[in-house]
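Engineer: To start, I am sharing the structure in question, which I have written as structure tokens.
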Amino acid sequence: MDAALVPDGPMQNGVEDIEIQLLLEALYQRYHYDFRHYARASIKRRLLQARSQLGFASFSAMQDHLLHDPATLPRLLNYLTVQVSEMFRDPSYFRALREKVIPHLRTYPSLKVWVAGCSHGEELYSLSILFREEGLDQRTLFYATDINPDALRAAEAGVYPLEQIRKFTENHQKSGARSSLSDYYTADYGRAVFDKSLRSQVVFSDHSLVTDAVFAEMHLISCRNVLIYFDRALQDRALGLFRDSLARKGFLGLGSKESLRFSAHAPAFADFVREEKIYQRQDV
Amino acid sequence: MSVAPVEAISIGASAGAVQALLRILPALPADYPIPLFIVVHVPPDRSNALVSLFAAKCQIAVREAEDKEPILPSTVYFAPSDYHLLVEADRSLSLSMDEPVNHSRPAIDVLLESAADAYGPALAAIVLTGANHDGAAGLKAVCAAGGTAIVQDFADAQVATMPEAALTACPSARVMTLDDLIPYLLTLAAT
Ligand SMILES: C[S@@+](CC[C@H](N)C(=O)[O-])C[C@H]1O[C@@H](n2cnc3c(N)ncnc32)[C@H](O)[C@@H]1O
């Protein structure tokens, strides 16, 4: 086409969107990380940040580096995945687990719990502490999964900046705590190092809700603030995975702004604690 | 100024937001056709109170935005507290818990930049009263995409810092008082 026929202005956006599509395709084909069906507005925002902070003139230049230099991958992944979390985030969710779900879980001789999208482990340690407080830790095996290897390493280390501890402690207390958070960590050079006994029954593993399959039968799956980053088709894929992973009458907990409302898998679940987005697997 | 008909309106407001929005939103009729997306800086846990406050006083439907919901006409969508609100190119809404922007979550910049990207020249964006600079980068993006940018008249704003910063970032923005805004929004619906 004659260059003079290409309008400028809004078309600039068009070019960027094509480049982003191609970049995500390259990322998938080369490294098997599949962000093609993540909610695009947020991905675009974070890619724009990566482009400027990593100093690329265009997404095409970024793609070139990504394809030829594997060292670009982890740097890019840290932009594409969002590592924002807190221990006992939304205390009322953990309180509902404690008061309504734990009494059911008590009836099982052994338990499996999956924390999907565990980030730096904040949610995992919250559950591990809660299960210890409720006396279920000895019979529980936890799986903590994520796609970001740096996040998984941090989760395995269980070390958080001390300035976060005040918020974590406040959240823990509001969750109906039966102990003090300070029982579980030691302060060391401005960091809180969590007790390794909290992860003695934890399997940390690289697992993607987009590209990987069912790996065990669970009694509780907690997957919070991960599905909001997916488009609807992808949310459905992940929810199908949860449906297939849950034992009969098993429980699924989602983030406070996530729900099964638009999902084809909704009939396989019943509301258990509606306001906290806790569902129970149904026979269908 | 753009000539495309306005298909969506985005509003950002901070300190003084409630009083300002109480002047504007109740003036819109129930069948006001254009959807409105609104970010107000509120401390966590307060947003539902905003929705019920405005729902009780407005004729137009007022809701808290839900993740991945299709955008409907005649609806005001408020960002929930502690989540960013984004507009997708397929004209649905997304929420995210990305880091705060300008110390805020939800952030006005995040809403305006994504809405500018989704609607281009068919977006009108308004930065109202507030004591920080959130919304300035967003309004600049709205201008760059050919949309209509508006800031609240400084003398009319309870706190002028935010509209001032927005006008500096986007000098072509129109300056309006709340009294100007009401008939203006009504005319947008007529075109
Ligand atoms: C915002 S954090 C949520 C952390 C924690 N669950 C919470 O609610 O506080 C989202 C996490 O999901 C992970 N994630 C993104 N895509 C994923 C996928 N396809 N499969 C598994 N985890 C994913 C990210 O790496 C990140 O650690």
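The values are calculated or read from the model by the stated rules, or taken from the named source; none is laboratory data. Just so you know, these numbers come straight off a predicted model, no measurement behind them. Note that each Cβ is placed from the backbone with ideal geometry, even for glycine, and that neighbours are counted across all protein chains shown. We work out accessible area using only protein heavy atoms, side chains counted, and drop any ligands, DNA or RNA first. Shrake-Rupley method; radii C 1.70, N 1.55, O 1.52, S 1.80 Å.
Engineer: Net charge near B:GLN152, counting Lys/Arg +1 and Asp/Glu -1 over other residues with Cβ under 15 Å of its Cβ?
Structural biologist: With Lys, Arg at +1 and Asp, Glu at -1, the net is -4.
Engineer: Hey, can you grab everything whose amide H is under 5 Å from the amide H of A:ILE221? Only 5+ residues off in sequence or another chain; H modelled, so Pro and N-termini drop out.
Structural biologist: Distant-sequence amide H within range of A:ILE221: A:TRP114, A:PHE251, A:LEU252, A:GLY253.
Engineer: Additional query: What residues have an amide H closer than 5 Å to that of A:VAL203, excluding those fewer than 5 places away on the same chain, when H is modeled at 1.01 Å from N in the peptide plane?
Structural biologist: Result for A:VAL203 returns A:PHE142, A:TYR143, A:ALA144.
Engineer: Restricted to Cα positions, what overall size does the protein assembly as shown have along the principal axes? Three whole-Å values, descending.
Structural biologist: Dimensions of the protein assembly as shown along the principal axes of its Cα atoms: 68, 55, 53 Å.
Engineer: I would also like to ask the following. Rounded if a/c is under 1.5, else prolate if a/b is larger than b/c, else oblate: which is region B:83-165, with a ≥ b ≥ c the root eigenvalues of its Cα gyration tensor?
Structural biologist: Oblate.
Engineer: Using a cut-off of under 19 Å, list every residue of region B:133-165 whose amide N is near the label point 7 Å from the Cα of B:ARG174 along the Cα-to-beta-carbon line.
Structural biologist: B:139-157, B:163-164
Engineer: I need the phi-derived Karplus couplings for region A:184-192: 6.51 cos²θ - 1.76 cosθ + 1.60, θ = phi - 60°, integer Hz, Gly and Pro marked x.
Structural biologist: 10, 9, 10, 7, 7, 6, x, 10, 9
Engineer: While we're on this one: Provide the FRET efficiency to the nearest 0.05 for the A:TYR108-B:TYR184 pair, computing r from the beta carbons and using R0 = 41 Å.
Structural biologist: The pair A:TYR108/B:TYR184 has a calculated efficiency of 0.05.
Engineer: Averaged over all directions, how much area does the convex hull of the C-alpha atoms of region A:3-81 cover when projected, in nm²?
Structural biologist: Quarter of the Cα hull surface area: 5.7 nm².
Engineer: Here is a follow-up. Report the full-extension gain for the segment A:LYS196 to A:SER60: residue separation times 0.36 nm, less the Cα-Cα distance, to one decimal in nm. Walk me through the intermediate numbers first.
Structural biologist: Working: separation 136, 0.36 × 136 = 48.96 nm, distance 4.40 nm.
Gain in length upon complete extension: 44.6 nm.
Engineer: So what's the back-of-envelope 222 nm ellipticity for the protein assembly as shown, counting only DSSP H runs of four-plus at -39500 (n - 2.57) apiece and dividing by all residues, rounded to 500? If you can, show how the numbers build up before the last one.
Structural biologist: On the way: 16 runs with 171 residues, N = 475.
It comes out at -11000 deg cm²/dmol, rounded to the nearest 500.
Engineer: For region A:174-195, list residues with backbone N below 18 Å from a point placed 7 Å from the Cα of A:LEU162 toward its Cβ?
Structural biologist: A:181-195
Engineer: While we're on this one: Note down the nm distance, to one decimal, between modelled labels 7 Å out along Cα→Cβ at A:LYS249 and at A:ARG30.
Structural biologist: About 5.1 nm separates the two model spin labels.
Engineer: Now a separate question. Quick one: which residues, 5 or more positions from B:GLU64 or on another chain, have an amide H under 5 Å from its amide H? H modelled 1.01 Å from N in the peptide plane, none for Pro or chain starts.
Structural biologist: Excluding prolines and chain starts, which carry no amide H, the hits are B:PHE78.
Engineer: For A:LYS277, tell me the accessible area in Å² from a 1.4 Å probe, rounded to the nearest 10.
Structural biologist: 40
Engineer: Ok, one more. Please compute the Kirkwood hydrodynamic radius over chain A, one decimal place, Å, based on all pairs of different Cα atoms. Each step should come with its number before you reach the end.
Structural biologist: On the way: mean 1/r = 0.0490 Å⁻¹.
Evaluated on chain A, it is 20.4 Å.
Engineer: Sticking with this structure for a sec: By the gyration tensor of its Cα atoms, with a ≥ b ≥ c the square roots of the eigenvalues, what is the shape of region B:134-191: rounded for a/c under 1.5, prolate for a/b over b/c, or oblate?
Structural biologist: Cα axes put region B:134-191 in the oblate bin.
Engineer: Now, a different point. Heavy atoms only, probe 1.4 Å: what % of the accessible area of the protein assembly as shown goes to carbon and sulfur, would you let me know?
Structural biologist: Of all accessible area on the protein assembly as shown, carbon and sulfur atoms account for 53 percent.
Engineer: What is the interface area between chains B and A, defined as buried accessible area summed over both chains with a 1.4 Å probe, reported in Å² to the nearest 100? The partial results should precede the final answer.
Structural biologist: Details: alone 7910 and 13810 Å², together 19670 Å².
Using a 1.4 Å probe on protein heavy atoms, the buried area is about 2000 Å².
Engineer: Would you rank A:SER58, A:SER222 by solvent-accessible area, highest first, keeping every protein chain in place and using a 1.4 Å probe?
Structural biologist: These residues rank, largest area first, as A:SER58, A:SER222.
Engineer: While we're on this one: For A:LYS257, A:LYS174, give me the order by solvent-accessible area with a 1.4 Å probe, most accessible first, ignoring ligands, DNA and RNA.
Structural biologist: So, going from the largest accessible area down, we get A:LYS174, A:LYS257.
Engineer: Turning to a different aspect of this structure: Please list, in order, the residues from region A:39-58 whose amide nitrogen is less than 13 Å from a point placed 7 Å along the Cα→Cβ vector of B:ALA89.
Structural biologist: Output list for this probe position: A:39-45.
Engineer: I'd like the accessible area for B:THR148: 1.4 Å probe, protein heavy atoms, all chains in place, Å² to the nearest 10.
Structural biologist: Counting only protein heavy atoms, B:THR148 exposes about 0 Å² to solvent.
Engineer: Using a ≥ b ≥ c from the Cα gyration tensor of chain B (square roots of the eigenvalues), is it rounded, prolate or oblate, where a/c under 1.5 gives rounded and otherwise the larger of a/b and b/c decides, a/b for prolate?
Structural biologist: Rounded.
Engineer: For A:GLN173 and A:GLN138, compute 0.36 nm times the residue count separating them, minus their Cα-Cα distance, and round to one decimal in nm.
Structural biologist: This chain segment gains 10.3 nm when fully extended.
Engineer: In addition: Top to bottom by accessible area (1.4 Å), largest first, where do A:SER197, A:SER110, B:SER10, B:SER81 land?
Structural biologist: Result of the area sort, largest leading: A:SER110, A:SER197, B:SER81, B:SER10.
Engineer: For a Förster distance of 56 Å, can you work out the FRET efficiency between the beta-carbons of B:PHE154 and A:HIS37, rounded to the nearest 0.05?
Structural biologist: 0.80
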